[in-house]
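Report on the structure given below.
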Amino acid sequence: MQPIGVFDSGMGGLTVLAALAERLPDESFVYLGDTARLPYGSKSAATVSRYAIQAAQHLHNAQVKLIVIACNTASAVALDELRAAFAPTPVIGVVQPGAAAASAACKPGNARSLGRRGVLVLATESTVRGGAYARAIQARNARLPVYSRACPLLVALAEEGRVDDPVVALILQDYLAGYLSADQSPQTLLLGCTHFPVFRRALERLLPQDVAVVDSASTTAGVVAEHLEQSQQSSADLGATPKPKPTIRFLATDGVERFARVGRTFFGAPVSDVELVDL
Ligand code: DGL
């Protein structure tokens with residue numbers, strides 16, 4: 001059974017892997033976290049593309065049937081390049097699924113009735129700089145105002161496992177200044193970074209109740225499931241009895257012990273036997 005390859009700059013993409021494993025329980029996965037070079041989000045587009053190509057190449061060499069770019073920054077910067085480099089292996093990023101989730105969560109309205117009430121995207125510096133989310137959301141609904149905010153400190157806090165820490169609320173308040181009151185808040189807050197779903201509860205405590213908080217994990221899993229069905233590559237359809245037991249392999253480019261320890265925060269289940277690899 002060929003596995004699905006998933007990569008991220010670090011452990012945050014385990015939130016996407018968790019959604020994939022839940023949606024596709026018959027599939028095997030290889031997850032690669034490029035922990036030695038995290039963060040991607042503060043690097044130039046050229047560097048992110050180079051790293052993403054190397055990570056995808058490693059998965060490609062492991063004979064995966066499909067590559068998921070769980071990293072928002074790499075998806076925003078390098079999706080087309082990866083598709084061209086690894087064709088015919090399909091490559092799926094998280095930006096389009098995230099944009100779909102955000103626009104679906106917004107109520108229809110005209111520019112006047114929406115006022116400021118569009119989508120606020122929280123992401124890394126590199127993702128915000130490239131504007132990929134704004135383009136993808138407005139391609140679905142040109143009337144929706146889209147605002148973006150780079151929140152680099154959240155990546156560091158999540159990587160440290162400091163999720164239920166009083167400092168988180170202070171930092172979120174700072175990043176969301178100008179978006180917190182009822183008349184200034186967005187309709188939808190899009191978590192446009194792998195690491196941010198772990199702060200969902202803290203964000204929901206700060207924002208007015210009617211703000212929908214969405215991320216790309218489950219919509220990405222839906223896109224992958226659809227692709228496997230359409231291309232008849234779904235392991236659920238394998239005729240073999242007994243079916244091979246699905247497995248999940250974890251690879252990291254540095255700090256395998258830390259990956260296993262902190263990875264649990266993102267994956268929501270134990271992460272074990274992490275293998276050290278060099279790209
Ligand atoms: N994986 C990155 C993303 O989703 C966040 C961490 C990083 O900056 O590398 O954008």
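The values are calculated or read from the model by the stated rules, or taken from the named source; none is laboratory data. Computed from a prediction, not measured in an experiment: that's the story for all the values here. Heads up, the Cβs are rebuilt from the backbone with ideal geometry, glycines too, and the neighbour counts pull from every protein chain shown.
Numbers below:
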| read-out | value |
| --- | --- |
| Among the candidates VAL274, VAL224, VAL214, residue that is buried (at least 20 other Cβ atoms within 10 Å of the Cβ) and closer than 17 Å to HIS195 by Cβ | VAL214 |
| Failed item, numbered, when LYS43 is tested on (1) closer than 30 Å to SER185 by Cβ; (2) in a loop (DSSP other than H, G, I, E, B) | (1) |
| Selection within the stretch 164-202 - away from the ligand (no atom under 16 Å from the Cβ) and touching a Phe, Trp or Tyr at 6+ places or on another chain (Cβ under 8 Å) | VAL168, LEU172, TYR179, SER185, PRO186 |
| Residues that are among the hydrophobic types (A, V, I, L, M, F, W, C) and more than 10 Å from the ligand (Cβ to nearest atom), drawn from the stretch 31-49 | LEU32, ALA36, ALA45, ALA46 |
| Residue match in the stretch 50-67 (condition: more than 11 Å from the ligand (Cβ to nearest atom), assigned to a helix (DSSP H, G or I) and more than 19 Å from THR253 (Cβ to Cβ)) | no |
| Residue match in the stretch 229-237 (condition: in contact with a Leu (Cβ under 9 Å, 6 or more places away or on another chain), in a loop (DSSP other than H, G, I, E, B) and farther than 30 Å from GLN2 by Cβ) | no |
| Verdict on ARG264 being within 17 Å of the chain's Cα centre (by Cα), basic (Lys, Arg) and closer than 22 Å to GLY12 by Cα | yes |
| Among (1) outside any helix (DSSP H, G or I); (2) surrounded by fewer than 22 Cβ atoms within 10 Å (Cβ to Cβ); (3) more than 15 Å from the ligand (Cβ to nearest atom), the one test that ALA139 misses | (1) |
| Test for SER28: is it over 24 Å from ARG264 (Cβ atoms), modelled with pLDDT of 95 or more and either within 14 Å of the ligand (Cβ to nearest atom) or of a type in the set (Ser, Thr, Tyr) (or both) | no |
| Residue within the stretch 239-251 that is surrounded by 15 or more Cβ atoms within 10 Å (Cβ to Cβ) and aliphatic (A, V, I, L, M) present | yes |
| Hits in the stretch 204-215 - residues which are free of Cβ contacts under 8 Å to residues at least 40 places away in the same chain, touching a strand residue (DSSP E or B) at 6+ places or on another chain (Cβ under 8 Å) and of a type in the set (A, V, I, L, M, F, W, C) | LEU207, VAL211, VAL213 |
| Qualifying residue in the stretch 7-28 (condition: within 15 Å of the chain's Cα centre (by Cα) and assigned to a strand (DSSP E or B)) | yes |
| Residue list for the stretch 29-40, filter: in a strand (DSSP E or B) and under 23 Å from THR127 (Cβ atoms) | TYR31, LEU32, GLY33 |
| Identity of the residue in the stretch 203-232, out of contact with any helix residue (DSSP H, G or I) (no Cβ under 8 Å at 6 or more places or on another chain) and of a type in the set (S, T, N, Q), that ends up farthest from the ligand (Cβ to nearest atom) | GLN232 |
| Residue match in the stretch 200-219 (condition: touching a Ser or Thr at 6+ places or on another chain (Cβ under 9 Å), under 25 Å from ALA18 (Cβ atoms) and assigned to a helix (DSSP H, G or I)) | yes |
